[in-house]
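Data block below; observations after.
Read-outs: derived from the displayed coordinates by stated rules, not from any lab. Remember, it's a predicted structure, so these values are computed and weren't measured experimentally. Positions of Cβ are generated from backbone atoms using ideal geometry, with glycine treated the same way; all protein chains shown enter the neighbour counts.
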Amino acid sequence: MNEKKIIIMFGPQGSGKGTQAKILSEKLNLPHISTGDLFREAIANNSELGKKVKEVMAHGNLVSDELTFELLRKRIEKDDCKRGFILDGYPRTMEQIRLLDNYVEVSKVIDVEIADEEALKRLANRRQDPETGKIYNLYTAPKPAEEIKHRLLQREDDQPEAIIKRLKIYHQQADAVLKHYQDLTIKINGEQKIDEVAADILQAI
Ligand code: AMP
């Protein structure tokens, strides 16, 4: 295997793959790169890219493969990615796979599995604290303290219509992505507590 560790966290929205990517990032001391976060950052900064993708994202649609890879490429060219990185939310299409494989050698794919029904419940209850950026869940964990509940916000694309669309798009692409990387894929039961999922992932890699 290539010395550079490139791990893809895969799974539907709400599977907890972002949370697990952060935990793994600390354990392995590799940067966690979420294309969704990079896009949200661009929107918050009101950059040209942010202006281009704002509407697309709000409706739960995918940004174009070219724009997405361009954004990712700029990020993975940075020095902190020399030893590798953990991808979260990329690749989502066959074209994104092609662009990525042309550029780097993927080491492992962690497929965090949960049922759609559970994903829907989790996403509808996901909230973010605008002051700290921390993500909470009113239904699962981590639950927010009473005194901060009033200021928590919901992501625009965590509204029911956008959630359903995002899950539909995920399923349209997921089989092809997993098939492509089947020899590198480890399946993890995402319907457990956060630390249990993390332990399963660490054991598997
Ligand atoms: P996420 O936080 O991963 O659910 O991503 C939120 C939104 O960002 C998605 O619904 C897309 O609009 C956009 N996005 C993130 N990653 C990608 C990607 N790999 N390809 C296309 N669009 C993406």
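General remarks:
- Answer from 205, 163, 194 - the residue that is out of contact with any strand residue (DSSP E or B) (no Cβ under 8 Å at 6 or more places or on another chain), away from the ligand (no atom under 16 Å from the Cβ) and among the aliphatic types (A, V, I, L, M): 194
- Any pair with Cβ under 7 angstrom, 6 or more apart, that starts in the range 90-108 at a residue that is in contact (Cβ under 8 Å) with a residue 40 or more places away in the chain and within 26 Å of residue 202 (Cα to Cα) and ends at one that is part of a loop (DSSP other than H, G, I, E, B) and of a type in the set (A, V, I, L, M, F, W, C): 92/62; 107/1; 108/205
- Among the residues of the range 64-79, just one is closer than 27 Å to residue 172 by Cα and outside any helix (DSSP H, G or I), namely 64.
Yes/no per residue for (1) in a loop (DSSP other than H, G, I, E, B); (2) in contact with a Gly (Cβ under 8 Å, 6 or more places away or on another chain):
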{"site": "24", "(1), (2)": "no, no"}
{"site": "27", "(1), (2)": "no, no"}
{"site": "30", "(1), (2)": "yes, yes"}
{"site": "36", "(1), (2)": "no, yes"}
{"site": "40", "(1), (2)": "no, no"}
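- Residue within the range 193-200 that is loosely packed, with under 15 Cβ neighbours inside 10 Å, closer than 29 Å to residue 53 by Cβ and not small (Gly, Ala, Ser) present: no
- Of residues in the range 42-63 being touching a residue at least 60 places away in the same chain (Cβ under 8 Å), within 7 Å of the ligand (Cβ to nearest atom) and in a loop (DSSP other than H, G, I, E, B), the one surrounded by the fewest Cβ atoms within 10 Å (Cβ to Cβ): 61
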